[in-house]
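First comes the structure, then the notes that go with it.
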Amino acid sequence: MIVEERTYTCVPGKLKSFLDIYESRGKPIQWPILNDPLAIFVTDAGTLNQVVFWWRFASMGEREARRATLAVAPG
C-alpha cells in the first residue's frame with residue numbers, strides 16, 4: 001500500500017473557511033476519484049493552520065492513474 005501525505009497551510013484564521021469550501025467543492029470531486037482518504041488531520045500544536053490528508057493507493061501505478069484522472073476532472 002502507498003500512503004500519500006498532502007499538507008495544506010492556510011492563512012491564519014481561515015482554516016474553518018478552507019474546510020467548509022473543501023467539504024462543498026473539493027470533496028465531491030476528489031473522493032469519487034481518489035476514494036475516501038485514510039485520514040484527515042488539522043493541527044493543534046506545532047505549525048498551526050494546517051490540514052493534512054492521507055490518501056491510500058494499492059500501488060504507485062494506481063496513484064498515478066487516479067491523480068491523472070483527477071487532474072482532468074471537471075471542477
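What follows draws every value from the coordinates through simple rules; no lab data is involved. All figures in this text were calculated on a predicted structure; none of them were measured in a lab. Virtual Cβ from ideal backbone geometry, glycine too; neighbours counted across all protein chains shown.
Annotations for the structure displayed:
- Structural size metrics of the stretch 36-75, computed from C-alpha coordinates, are Rg and Dmax of 13.4, 36 Å.
- Contact order for the stretch 2-71, expressed relative to its length and based on alpha carbon pairs under 8 Å spaced 6+ residues apart, stands at 46 percent.
- Nearest-20 debye value, the stretch 2-71 charge dipole, Cβ charges on Lys, Arg, Asp, Glu: 160 debye
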